[in-house]
Amino acid sequence: MSLVLNQPVLVLNRLWQAVNVCTVRRALMLLLKGQAQVVVGDGGDFQTFDFGSWTELSKRDPSNDYIATISFRLRVPKVILLGIYDRLPKQEVKFTRQNIFDRDKNTCQYCGKHHERRMLNLDHVMPRDRGGPTTWENIVTSCIPCNTRKGNRTPAEASLNLIRKPKRPKWRPFVQINIHVGRHESWQRFVDVGSWTVELG
Ligand SMILES: [Zn+2]
């Protein structure tokens with residue numbers, strides 16, 4: 001059951017453009033809250049279902065993947081259409097080393113050079129022992145030479161300039177991660193490769 005709940009579901013916005021991939025678990029939550037509908041179809045002919053009609057369809061058609069509980073059986077959605085929101089409700093990006101590297105695109109924020117991750121460090125712009133907090137706004141990706149040069153100083157003291165002001169990212173990191181995992185044939189109609197680079201807020 002938990003494996004099924006973690007399967008990927010393609011998310012469409014109101015314009016029927018693929019904007020994201022979420023888990024079955026999240027798709028069902030959105031369906032239950034009335035924020036999304038399930039899309040089913042082949043060729044050019046699509047139908048949408050809200051939670052009630054999806055439950056009905058799930059009873060009628062036994063030929064698909066199901067989630068079964070004691071009280072109901074629900075067919076597993078492959079594609080959902082967002083109704084109220086063009087985008088998924090906001091989810092905070094976790095403050096992790098990997099996500100800081102992602103935000104900064106593996107680029108040293110002092111010299112602007114791109115590096116492999118193992119060659120990169122995290123730097124407190126305002127040094128920690130001078131009250132610099134460990135936050136999105138005060139941590140940047142830095143290459144080892146720049147990090148060494150800066151040492152325990154502010155960028156100004158070390159004659160270094162940030163290439164951009166660090167901010168909390170607005171994207172959600174799972175957007176590009178899951179696209180090739182468990183990709184279902186029913187996604188094909190909607191997936192425009194170009195759309196996967198769209199940043200979501
Ligand atoms: Zn550097």
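The values are calculated or read from the model by the stated rules, or taken from the named source; none is laboratory data. The structure presented is a predicted model; accordingly, all values stated were derived computationally and were not measured. Glycine also receives a Cβ, built like all others from the backbone with ideal geometry; neighbour counts cover every protein chain displayed.
Laid out as a table, the results:
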read-out: Number of positions in segment 60-100 that are within 30 Å of F190 (Cβ to Cβ) and either of a type in the set (G, A, S) or at pLDDT 90 or above (or both); value: 10
read-out: Subset of segment 120-161 [more than 10 Å from the ligand (Cβ to nearest atom), of a type in the set (D, E, K, R) and farther than 19 Å from R103 by Cβ]; value: R128, D129, R130, R153, E157
read-out: Selection count, segment 97-119, where residues are more than 9 Å from the ligand (Cβ to nearest atom) and on the phi < 0 side of the Ramachandran plot; value: 13
read-out: Residues of segment 138-155 satisfying the condition of being assigned to a loop (DSSP other than H, G, I, E, B) and surrounded by 13 or more Cβ atoms within 10 Å (Cβ to Cβ); value: N138, R153, T154, P155
